[in-house]
Amino acid sequence: MLKKSSAILLIAAFLEALPVNADGLYTKSSPVLQLDASNYDRLIAQSSYASIVEFYAPWCGHCQNLKPAYEKAAKNLEGLAKVAAINCDDDSNKQFCGQMGVQGFPTLKVITPSKQPGKPLVEDYQGARTAKAIVDYVVERIPNHIKRLTDKDFDGWLKEANDTAKAILFTEKGTTSALLRSLAIDYLGSISIAQIRNKETSAVKMFGIDKFPTLVLLPGGSKEAISYEGDMKKIPISKFLSQVAEPNAGPAPDQPKKSKKPEKSTTSTATSQAAESSESSSTAASSSTPKARSLPIISSNEKLREACLSPKTGTCVLALVTTPKKSSADSELPEKALKALGSLAEISQKHSARKGHLFPFYSVPTAVEDVGMLQTKLGLKQDVDVDVIALNAKRGWWRLYDAGEGADYSITRLEAWIDAIRLGEGSKKKLPEGAVPSEQEEVKESEKQPEAEPKKESEKEPEQKPVKEEPKQKPVKEEPAGHNEL
C-alpha cells in the first residue's frame, strides 16, 4: 500500500502530465471566487465562513457542464458562504491540487471551520450537480454562533457583558436562518446575536414587539435599543448593525474573553490589512494569516446597486480599483490602490473604534460591469489604478477625491476630504442622468442568467461520475427557498 507522501507525489505527477491550458473556466465578472495555491489558505482555510471549492480543468467537459449551475449557486450563496474554484491545469496549482487529493475533474470539496483556526474540516461533495442541491448542502454547514434564548435565560443574557453590543431577532420560526448565521459570522467578536421565539411572552413584552420578525439592536451600556425598520435583506441589515461595529472582512477575530472589555477585543483585531500591504506588499503576499481588516468588496452589479446605486441609497464612498490582470490577491494591486484602500480602511476603523456613525466605504473592482458605466457617466478615466468617489443616489450628487500630482492617498488628506463630506462642506456635482439605474433597469438586470461558455470537445480526461442532470435547468426549480430570509 502506498504511503500518503508517495500517493501525493503520484497524483501531482499525474496532474503535471495533463494538457496545459492557463486560461481559467470562470471570467473575472463571475460570482465564483477564483483561487490559486498562494491564496487558498488566506481566503478559505483561515476563513470563519463555510466554503465550497471546485477543482477543475478548463478542457474538462463535465466542468463546462457544471459551470452554469455552479455560478448560480455562487450567486445564491453570496453573503452567506464562499463559492470558489481553482484551475488545476495551471502549472502553479498542480502540486496543490495533488496535495488536496484531487484525482478527477470536477472535484468539489466543502470546507467548514473547526475549533482549531486554520485547520478546517474538508469533505468531498457527493451530491447532485445542481444549484439547489449545492446551495442546500453548503447552507447546512454554515457555522451557527446564534444564541437561542427563552424567557428563563433572557435577563441573564442581557446582563452578561452589558457594555457589549447585542442584537436580538424576535421571530415566529424555531429554526435559525442562513442569513442570521452569516450575520453572526460577519460580526463575530463585536456584536452578540441572539434569537427568541414569539411565544416567549416576557421578552416580547419587555421590548414591545408587535410584529415578527423584528430585529432589535442594543448598542451597549445605557444606550437605548434601536428597532430595525428596513427590508430583511443582508446588506441593509448589515448597514444597520454597522452603527456600532464594522463587519469582519476575512477570518473573524477570536471570541473576546469575559474578563476583558469587548471594545479592546474589537480594536485589537481591526488594524487594516490594506494599510499593512501599502507599507510592504511583499510582506502581505507572504503572510498566510491576515492580522487585519480590509474594506468590504462589492463584486457584482446586484450588490453595487443594492448598496449604493439605487434611487433610495444614501452616501457611499467607493474605491474604484483597476482589476489586476493575473490574481485578485491584494498583494498584486497597484501601489496607489493599496495606499488608498489602506487609508480608507484605517479611517473606517478609527470611526468604528469610537463607535461613530459614518457612511460605508467599499472597494469595487473595475471588473464589475456597472463600474465602467459609472466611470463613463462621471467622466472618469478608465486607465487609472484607483479613483475614490463619494456619491448619494437619493440626493443625486457625487464628489471625486483629488489626490493631486503626487497621488496623495494619505490618511490625513483622505480623512479631511471625508470630514468635509460629513459636515456638508465643499462643492458637490450633480449625478448625470443614467448614472443610477432606474428600478426598471434593476429588475431587468436581476432577470439575467449567467451564460454558459461554449462547450469544447473533451479530450481524454480523468473525470468523476458523469453529470446526470442537464446543465440548463428551469430557474424556478433551481432556486433555493428561504436561505436569504430571516
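Miscellaneous remarks
- So ILE142, is it in a loop (DSSP other than H, G, I, E, B) and touching a Phe, Trp or Tyr at 6+ places or on another chain (Cβ under 8 Å): yes
- Test: SER202 is part of a strand (DSSP E or B), of a type in the set (S, T, N, Q) and without any contact (Cβ under 8 Å) to a residue 60 or more places away in the chain: no
- Test: residue in the stretch 235-244 that is farther than 24 Å from SER348 by Cβ, under 27 Å from the mean Cα position of the chain (by Cα) and part of a loop (DSSP other than H, G, I, E, B): no
- Pick from the stretch 111-133, criterion touching a helix residue (DSSP H, G or I) at 6+ places or on another chain (Cβ under 7 Å) and not in a loop (DSSP other than H, G, I, E, B), ranking: nearest to HIS62 (Cα to Cα): ALA131
- Total residues in the stretch 381-398 satisfying the condition of being outside any loop (DSSP other than H, G, I, E, B) and under 26 Å from the mean Cα position of the chain (by Cα): the figure is 8.
- Residue within the stretch 371-380 that is modelled with pLDDT of 90 or more, outside any helix (DSSP H, G or I) and surrounded by fewer than 17 Cβ atoms within 10 Å (Cβ to Cβ) present: yes
- Condition check for ILE86: closer than 30 Å to MET232 by Cα, under 22 Å from the mean Cα position of the chain (by Cα), in the same structural domain as PHE55 (by TED's automatic domain parsing) and β-branched (Val, Ile, Thr): no
- Matching option when the condition is buried (at least 22 other Cβ atoms within 10 Å of the Cβ), in contact with a helix residue (DSSP H, G or I) (Cβ under 9 Å, 6 or more places away or on another chain) and outside the structural domain of PRO113 (by TED's automatic domain parsing), among ALA178, ALA184: ALA178
- Of all the listed residues (VAL204, VAL216), the sole one being among the β-branched types (Val, Ile, Thr), modelled with pLDDT of 95 or more and under 22 Å from LEU358 (Cα atoms) is VAL216.
The values are calculated or read from the model by the stated rules, or taken from the named source; none is laboratory data. Just so you know, these numbers come straight off a predicted model, no measurement behind them. When we count neighbours, we look across all protein chains shown, and the Cβ atoms used for this are built from the backbone with ideal geometry, even at glycine.
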